[in-house]
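**Student:** This is the structure I have questions about; it appears just below.
Every number in this text was worked out from the coordinates using simple rules, so none of it is lab data. Remember, it's a predicted structure, so these values are computed and weren't measured experimentally. Cβ placement follows ideal geometry from the backbone for every residue including glycine, while neighbour counts extend to all protein chains displayed.
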Amino acid sequence: MNALILIDIQNDFLPGGSLEVPNGDEIIDNVNSIMDNYNIVVATKDWHPKNHISFASNHKNKKVGQKIKINNLDQMLWPDHCIKDSKGSEFPEKLDSHKIHKIFYKGVDSNIDSYSGFYDNGKIRSTGLSNFLKKSNINQVDIVGLATDYCVKYSSFDAFNEGFNINVLRFCVRGISVETTETAFKEMKDMGISII
Ligand code: VGL
Ligand code: ZN
């Protein structure tokens with residue numbers, strides 16, 4: 001049984017959004033075109049409270065793009081994005097979201113960020129995604145979405161470590177910056193993840 005995981009395909013990560021991924025909108029038609037090839041389609045949503053620690057606006061004298069340490073974890077500071085129940089956190093209209101069987105929410109705790117769709121950055125809280133896939137007898141997982149260099153990368157690492165066979169589909173992912181995206185593809189390959 002196979003599953004397609006849509007990582008954070010949300011308005012704020014698309015051109016015009018508050019944390020836009022360059023050309024992120026190019027993946028939507030491609031993702032729509034493959035959804036019917038899977039037994040199950042699931043999606044993650046970045047889903048932050050307004051006071052989330054990853055927002056530069058919640059720290060005095062800090063700017064977007066600065067890296068800080070919080071509880072010994074590296075934290076990049078972002079513009080406010082994907083605030084729960086906001087327009088920016090919704091799926092884009094063009095996405096065939098009626099084909100999504102279940103949505104998993106990440107970054108919901110104000111005190112810790114969560115790049116992976118499986119666990120938060122401290123590996124403390126599970127989103128339930130892994131259990132859901134295992135209960136559904138999924139062994140093959142294809143990963144698509146935004147952004148290659150953050151949430152797609154860490155979701156693929158966790159999927160790999162959870163024992164799934166995984167592919168990251170290059171024509172259905174885009175990254176925030178060219179450099180970190182190149183590094184992300186290399187790290188994924190080095191781990192044994194196939195990029196197809
Ligand atoms: C993401 C930065 C902050 C992502 C989420 O979905 O890649 N990046 N929150
Ligand atoms: Zn976020």
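**Student:** I want to make sure I understand the PRE zone here: with the label point 7 angstrom from the Cα of Ser177 toward its beta carbon, which residues in the range 1-41 have backbone N atoms less than 14 Å away?
**Tutor:** Label zone hits: 22.
**Student:** Turning to a different aspect of this structure: Taking the dipole about the Cα centre of the range 66-139, with the C-beta of Lys and Arg at +1 and of Asp and Glu at -1, give me whichever of Asn121, Gln66, His81 is farthest to the positive side.
**Tutor:** Asn121
**Student:** Could you please report the charge total around Asp85, scoring K, R as +1 and D, E as -1 over all other residues with beta-carbon less than 11 angstrom from its beta-carbon? All intermediate terms of the calculation are to be shown ahead of the outcome.
**Tutor:** Working: positive: Lys45, Lys50, Lys84, Lys87; negative: Glu90.
Net of charged neighbours comes to +3.
**Student:** Helix-derived [θ] at 222 nm for the chain: sum -39500 (n - 2.57) over DSSP H runs of at least 4, divide by residue count, nearest 500? Before the final figure, lay out the partial values.
**Tutor:** Working: 4 runs with 38 residues, N = 196.
Helix contribution divided over all residues of the chain: -5500 deg cm²/dmol.
**Student:** Quick one, what does Rg over Rh come out to for the chain if you take C-alpha atoms and the Kirkwood Rh? Each step should come with its number before you reach the end.
**Tutor:** On the way: Rg = 15.6 Å, Rh = 16.6 Å.
Taking Rg over the Kirkwood Rh, I get 0.94.
**Student:** 7 Å from Cα along Cα→Cβ at both Asn161 and Asn72: what's the point-to-point distance in nm?
**Tutor:** My value for the distance between the label points is 1.5 nm.
**Student:** Using DSSP loop states and a limit of at most 16 other Cβ atoms within 10 Å to flag trypsin sites (Lys or Arg not before Pro), what is the longest stretch of the chain containing no flagged site? All intermediate terms of the calculation are to be shown ahead of the outcome.
**Tutor:** Details: sites that count: Lys50, Lys60, Lys62, Lys63, Lys84, Lys94, Lys123, Arg125.
Answer - 126-196.
**Student:** Calculate the dipole size of the chain relative to its Cα centre from +1 charges on Lys and Arg beta carbons and -1 charges on Asp and Glu beta carbons; express the result in debye to the nearest 20. It would help to have the intermediate numbers written out before the result.
**Tutor:** On the way: 22 positive and 25 negative charges, 121 e Å.
Computed charge dipole of the chain: roughly 580 debye.
**Student:** What list do you get for Thr183, Thr44, Thr127 if you sort them by fewest beta carbons within 10 Å? Don't skip to the answer; put the middle values down first.
**Tutor:** Numbers: Thr183 15, Thr44 25, Thr127 22.
In order of increasing Cβ crowding within 10 Å: Thr183, Thr127, Thr44.
**Student:** Residue by residue through the range 119-131, what is 3J(HN,Hα) from phi via Karplus (6.51 cos²θ - 1.76 cosθ + 1.60, θ = phi - 60°)? Round to whole Hz and write x for glycine and proline.
**Tutor:** Result, ordered by residue: 9, 6, 5, x, 6, 9, 9, 8, 7, x, 5, 4, 4 Hz.
**Student:** Quickly rank 73-79, 1-7 as a protection proxy: mean count of other C-beta atoms within 10 Å, highest first.
**Tutor:** Numbers: 73-79: 15.6, 1-7: 23.3.
Per-residue mean Cβ counts within 10 Å order the peptides as 1-7, 73-79.
**Student:** Using θ = phi - 60° and the Karplus curve 6.51 cos²θ - 1.76 cosθ + 1.60, what whole-Hz ³J(HN,Hα) does each residue of the range 142-154 get, with Gly and Pro shown as x?
**Tutor:** Whole-Hz 3J(HN,Hα) from phi for the range 142-154: 9, 10, 9, x, 9, 9, 3, 7, 10, 6, 5, 4, 6.
**Student:** Next up: Mind checking the full-extension length gain between Ser126 and Glu187? Use 0.36 nm per residue of separation minus the Cα-Cα distance, one decimal, nm. Walk me through the numbers on the way to the answer.
**Tutor:** Working: separation 61, 0.36 × 61 = 21.96 nm, distance 2.30 nm.
Gain on stretching Ser126 to Glu187: 19.7 nm.
**Student:** For the chain, what is the relative contact order in percent, using Cα pairs closer than 8 Å and at least 6 residues apart in sequence?
**Tutor:** Details: 417 pairs, mean separation 49.8, N = 196.
Result for the chain is 25 percent.
**Student:** Fully extended, how many nm does the chain gain between His59 and His98 (0.36 nm per residue separation, minus their Cα-Cα distance)? Before the final figure, lay out the partial values.
**Tutor:** On the way: separation 39, 0.36 × 39 = 14.04 nm, distance 3.76 nm.
Full extension from His59 to His98 adds 10.3 nm.
**Student:** Provide, for the range 14-103, the number of lysine pairs with alpha carbons under 22 Å apart, each pair being eight or more places apart or on different chains.
**Tutor:** 19
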